[in-house]
1. Determine which member of the set Val124, Val135, Val180 is under 23 Å from Gly69 (Cα atoms), surrounded by fewer than 20 Cβ atoms within 10 Å (Cβ to Cβ) and either within 19 Å of the chain's Cα centre (by Cα) or not basic (Lys, Arg) (or both).
2. Within the group Asp68, Asp60, which residue is of a type in the set (D, E, K, R), crowded, with 17+ Cβ neighbours inside 10 Å and either under 18 Å from the mean Cα position of the chain (by Cα) or not in a loop (DSSP other than H, G, I, E, B) (or both)?
3. Output the qualifying pairs, or none if there are none: Cβ atoms under 6 angstrom, residues six or more apart or on different chains, first residue in the range 76-97 and within 22 Å of Met48 (Cα to Cα), second residue loosely packed, with under 15 Cβ neighbours inside 10 Å.
4. Pairs under 8 Å by beta carbon, first residue free of Cβ contacts under 8 Å to residues at least 40 places away in the same chain in the range 47-58, partner basic (Lys, Arg) and surrounded by 12 or more Cβ atoms within 10 Å (Cβ to Cβ), six or more apart or different chains?
5. Ala142 - would you say it is more than 16 Å from Ala18 (Cα to Cα), without any contact (Cβ under 8 Å) to a residue 12 or more places away in the chain and either in a helix (DSSP H, G or I) or in contact with a Gly (Cβ under 6 Å, 6 or more places away or on another chain) (or both)?
6. Six or more apart or on different chains, Cβ under 6 Å: which pairs go from a residue in the range 165-179 that's under 11 Å from Ala32 (Cβ atoms) to one that's assigned to a strand (DSSP E or B)? Could you list them?
7. State which residue is modelled with the highest pLDDT when the search covers only the range 1-57 and only residues that are in a loop (DSSP other than H, G, I, E, B), in contact with a Phe, Trp or Tyr (Cβ under 9 Å, 6 or more places away or on another chain) and crowded, with 20+ Cβ neighbours inside 10 Å.
Amino acid sequence: MAGLRVHNFAVSLDGFGAGLEQSVEAPLGVGAEALHEWVFKTRTGRAMIGQEGGTTGIDDHFLRAGEDGIGATIMGRNMFGPVRGPWPDESWRGWWSEEPPYHHPVYVMTHFPRPDLPMDGETVFHFVQGPPGEVLAMAVEAAGGRDVRLGGGVSTVRAFLAEGLVDELHIAIAPVFLGVGERLFGDGVPPVGYACDPIVAGEGAAHAVIRRA
């Protein structure tokens with residue numbers, strides 16, 4: 001049966017998974033780019049931006065694992081872009097190039113309808129409404145027997161955790177403080193029915209994998 005996995009979800013030492021004031025200039029919120037500095041020191045991360053070199057150790061292993069066996073992705077609207085409210089037009093096509101790195105169906109959760117957006121490389125963004133369980137059912141069907149990856153943002157991951165739908169959650173703890181932003185476990189209450197593997201120290205981040213108990 002297809003599982004729902006979260007990979008490479010970076011948080012700060014003080015627990016923030018995103019900063020405030022998301023914009024085109026600050027896709028993750030002010031100061032939150034520091035959460036992903038470890039990514040672009042790895043070989044896989046550097047290849048994502050068209051560069052060579054990079055480390056091939058533990059951080060790279062966790063980064064690559066996020067691509068294995070994935071047939072569809074779910075993300076919140078904030079992860080797709082900074083546009084809020086009704087779509088003024090269809091000019092915003094995501095943070096990525098005309099060939100996003102997904103290469104499979106992507107379900108963007110939004111309260112405002114928008115036509116499907118086919119991109120190069122077999123990525124199609126579907127803009128969907130509905131509770132987490134319904135959206136997951138769509139993605140599972142599209143994944144064709146492979147797993148579904150759950151992307152950000154923070155509120156999206158929290159919503160799926162609250163309903164016990166996440167099978168595996170990989171958190172990369174970056175060695176930075178943000179001070180403000182959105183906390184993954186903002187209410188201080190851990191998700192019910194989950195347990196954490198031993199934390200693994202990478203070259204630029206510490207890695208915690210939380211699984212359904």
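The values are calculated or read from the model by the stated rules, or taken from the named source; none is laboratory data. Predicted, not measured: the structure shown is a model, and the values here were computed from it. No Cβ is skipped: glycine too gets one built from the backbone with ideal geometry, and neighbour counts run over all protein chains shown.
1. Numbers: Val135 fails: surrounded by fewer than 20 Cβ atoms within 10 Å (Cβ to Cβ); Val180 fails: under 23 Å from Gly69 (Cα atoms).
Answer to the selection: Val124.
2. On inspection, the qualifying residue turns out to be Asp60.
3. Matching pairs, first to second residue: Pro82/Ser23; Pro82/Val24.
4. Glu52/Arg46; Gly53/Arg43; Gly53/Arg46; Gly54/Lys41; Gly54/Arg43; Gly54/Arg46; Thr56/Arg43
5. No: the conditions fail for Ala142.
6. Close Cβ pairs satisfying both conditions: Ala174/Ala10; Leu178/Phe16.
7. Going through the qualifying residues, I end up with Ser12.
For (1) surrounded by fewer than 19 Cβ atoms within 10 Å (Cβ to Cβ); (2) in a loop (DSSP other than H, G, I, E, B); (3) touching a strand residue (DSSP E or B) at 6+ places or on another chain (Cβ under 7 Å); (4) not aromatic (Phe, Trp, Tyr), each residue gets a yes or a no:
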| site | (1), (2), (3), (4) |
| --- | --- |
| Gly152 | no, yes, yes, yes |
| Ser155 | yes, no, yes, yes |
| Phe160 | no, no, yes, no |
| Gly164 | yes, yes, no, yes |
| Ala172 | no, no, yes, yes |
| Pro175 | yes, yes, no, yes |
| Pro198 | yes, yes, no, yes |
